Amino acid sequence: MQEWPVMKPLPSYGRGRDAAAGRYSSLIFGTNLTDVIITGNNGTIDGQGAFWWQNFHKGKLKYTRPYLIEIMFSDTIQISNLTLLNSPSWNVHPVYSRDILVQGITIIAPISSPNTDGINPDSCTNTKIEDCYIVSGDDCVAVKSGWDEYGIAFGMPTKQLVIRRLTCISPYSATIALGSEMSGGIEDVRAEDITAIHTESGVRIKTAVGRGGYVKDIYVKRMTMHTMKWVFWMTGNYGSHADKNYDPNALPLIQGINYRDMVADNVTMAARLEGIAGDPFKEICISNVTIGLAPKAKKVPWTCTEIEGMTSGVSPRPCDLLPDQGPEKITSCDFPPENIPIDLVQFKMCSFGMSYM
């Protein structure tokens, strides 16, 4: 452990995730970089995380566990064609960066391993995640932008994010999570062709009083889910603050959440949607969604508080706060017509030559 350099906490977090002090450097780390490719012919990086998980559970860590790959304050980044095993904590963490392509990544960790998030774009602009397979003890993709007063002060959102052809297995977490550290804001996220198997929730929004920031203009379509606890989950009382100095008047804005063209089976509960009293989650749109309930499903498939929105062609029947607008609205909740700039970025292939004597 003493061989790992210790770094200051991220400025948008104010402290480490595991401990209040700093954090161990990631295995592959870079800052203030341009034009970086981390790639392999499906080569494997084994984080040997069991040592770190045990020390975390025993409370023996003075600093936050290292990630496998972290790129910070950088642009034009490609991370591709790698297998990442048993990370001590998060696997791939681009932060304060832009123009990022993550493609063809396989991530595997025990489903009971702590905080082994797959890919966490954090205060990043113009990012694309495609063709990834993730088995994790935490969220497969977690979109972030800073924690409470530190994230508000830093003020760098995550925006223009594309997620395509993701397969996720995570029985205790989400396929795609937005938050809970979202105080710098999250906007213009587009996810499509997503598969979730034996995962706690499909799409989850996590926030709380004191977070501030916003989650808005979120679009998800063509998602297939098998054996889920929840399909949709929004949490306005997540808690978990950086410290006691957060602003209790900093309320998050959750607005413009669009889900369409989804199928799920063997589901315990269709949705649990919980806004914040006096700060409802607005403009929720769900259309053309069929959810097959498990034999031992909850008697009430939808629970909704402090939310506003509409549905069309959704089964089982949603809660009254999301009234059905009829079949003519089945094509609502659609994606914006314009592309995100990252779609114009070309995937790069590496080649090298060797001379022999």
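Computed from the coordinates by the stated procedures, all read-outs in this text should not be read as laboratory data. Computed from a predicted model, the values in this text were never measured in an experiment. A quick note on method: Cβ atoms are made from the backbone with ideal geometry, for glycine too, and the neighbour counts reach across all protein chains shown.
Rank Ser87, Ser123, Ser332 by mean-square fluctuation in a GNM of the chain with C-alpha springs under 10 angstrom and give only the top-ranked residue.
Maximum fluctuation in the GNM of the chain, among the listed residues, is at Ser332.
Got a sec to turn the phi values of the stretch 202-210 into Karplus ³J(HN,Hα) couplings, 6.51 cos²θ - 1.76 cosθ + 1.60 with θ = phi - 60°, whole Hz, x for Gly and Pro?
Those phi angles translate into x, 10, 10, 10, 10, 7, 6, 4, x Hz.
Straight-line reach from Lys299: which aspartates and glutamates have Cα under 20 Å away, leaving out those fewer than 8 places along the same chain?
Qualifying aspartates and glutamates at Cα under 20 Å: Glu200, Asp265, Glu274, Asp320.
Report the net charge of residues surrounding Arg164, where surrounding means a beta-carbon distance below 9 angstrom and charges are Lys +1, Arg +1, Asp -1, Glu -1.
With Lys, Arg at +1 and Asp, Glu at -1, the net is -1.
Name the long-range amide H neighbours of Gly275: under 5 Å, sequence gap of 5 or more, or other chain; modelled H, no Pro or chain starts.
Excluding prolines and chain starts, which carry no amide H, the hits are Phe281, Thr305, Glu306, Ile307.
Give me the net charge of His241's neighbourhood, meaning all other residues with Cβ under 11 Å from the Cβ of His241; Lys, Arg count +1, Asp, Glu -1.
Local charge sum for His241: -2.
Where the only charges are on Cβ atoms (+1 Lys, Arg; -1 Asp, Glu), what is the dipole of the chain about its Cα centre, to the nearest 20 debye?
Dipole size: approximately 860 debye.
For the chain, what is the calculated [θ] at 222 nm in deg cm²/dmol (nearest 500), taking -39500 (n - 2.57) for each run of four or more DSSP H residues and dividing by its residue count?
Computed mean residue ellipticity for the chain: -1000 deg cm²/dmol.
Out of residues 5 or more away from Thr268 or on other chains, whose amide H comes under 5 Å of its own, with H placed 1.01 Å from N in the peptide plane?
Answer set, sorted by chain and number: Met228, Lys229, Ala294.
Rounded to whole Hz and in sequence order, give me ³J(HN,Hα) for the stretch 144-151 from the Karplus expression 6.51 cos²θ - 1.76 cosθ + 1.60, θ = phi - 60°, writing x for Gly and Pro.
Residue by residue, the stretch 144-151 yields 9, 6, x, 10, 6, 4, 6, x Hz.
Around Ser113, which amide H atoms from residues at least 5 apart in sequence, or from another chain, sit under 5 Å from its own amide H, with H modelled in the peptide plane?
Residues meeting the criterion, in which the H sits 1.01 Å from N, are Gly137.
Which residues in the stretch 214-238 place their backbone N less than 15 Å from a point set 7 Å from the Cα of His198 along the Cα-to-Cβ direction?
226-229
For the stretch 229-237, just list the computed ³J(HN,Hα) in residue order, Karplus coefficients 6.51, -1.76 and 1.60, θ = phi - 60°, integers in Hz, with x standing in for Gly and Pro.
7, 10, 7, 10, 9, 10, 10, x, 10
Put a dot 7 Å past each Cα toward the Cβ at Met349 and His226; how far apart are the dots in nm?
Here the modelled spin labels are 3.2 nm apart.
For the chain, modelled as a GNM with alpha-carbon contacts under 10 angstrom, which of Gly184, Gly313, Gly146 fluctuates the most?
Comparing Gly184, Gly313, Gly146 in the GNM, the peak value goes to Gly313.
Quick check: convex hull over the Cα atoms of the stretch 147-225, volume per residue in Å³, rounded to an integer?
78 Å³
Ranked highest first by the average count of other Cβ atoms within 10 Å around their residues, in what order do 3-9, 137-143, 20-26 fall?
Put in order of decreasing packing, that is 137-143, 20-26, 3-9.
Report relative contact order for the chain in percent, whole number only (criteria: Cα-Cα under 8 Å, sequence separation at least 6).
10 percent
Using the structure shown, select from Lys60/Lys144; Lys60/Lys298; Lys206/Lys348; Lys8/Lys229; Lys62/Lys144; Lys144/Lys221 the pairs with a Cα to Cα distance greater than 29 angstrom.
Lys60/Lys298; Lys206/Lys348; Lys8/Lys229, as the Cα separations exceed 29 Å there.
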